[in-house]
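Undergrad: Questions regarding the structure given below will be posed in turn.
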Amino acid sequence: MKKRRNAGKKKRTKAHSRQNKAAMLCITFVVSVLLVVLLFEGHSLKLKIDANDRKTAQLEQKIAEENQRTKDINDLQSYMQSDEYLEKAAKEKLGLIKDNEILFKESQ
């Protein structure tokens, strides 16, 4: 009788062993597929991050250029409101001179 019990127990153990192996193979396959998907997505995200970093650098460069342009415009505005600019413009455009200045014209 003991032999019959042991034989039945061995069959059940072999069946469980096969089921465990099949389950482990399925789990390994699923984990492998997930790993591949995660690696692919990680690579895609890295490419997007790199593209965004390049775009950010370009935008920062444009901001710096525009800030310099704004400074140049403000400097020009300040110069155009100065007495020096007004005198220069009056001499060049209107031909005006100061009281103590002598105007020389080239003969043609």
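Undergrad: Of the residues that make up the stretch 38-60, is at least one polar (S, T, N, Q), open to solvent by 100 Å² or more (accessible area, probe 1.4 Å) and modelled with pLDDT of 95 or more?
TA: Yes, there is a match, as at least one residue in the stretch 38-60 is polar (S, T, N, Q), open to solvent by 100 Å² or more (accessible area, probe 1.4 Å) and modelled with pLDDT of 95 or more.
Undergrad: Please enumerate the residues belonging to the stretch 74-100 that are in a helix (DSSP H, G or I) and open to solvent by 90 Å² or more (accessible area, probe 1.4 Å). Outline the logic, then answer.
TA: Step one: filter the stretch 74-100 for residues in a helix (DSSP H, G or I), giving 74-80, 83-94.
L76, Q77, D83, E84, L86, K88, K91, E92, K93, L94 - these are the residues of the stretch 74-100 that are in a helix (DSSP H, G or I) and open to solvent by 90 Å² or more (accessible area, probe 1.4 Å).
The values are calculated or read from the model by the stated rules, or taken from the named source; none is laboratory data. Small disclaimer: the values here were computed from a predicted structure and weren't measured. Surface accessibility is based on the protein's heavy atoms, side chains included, excluding ligands, DNA and RNA. Shrake-Rupley method; radii C 1.70, N 1.55, O 1.52, S 1.80 Å.
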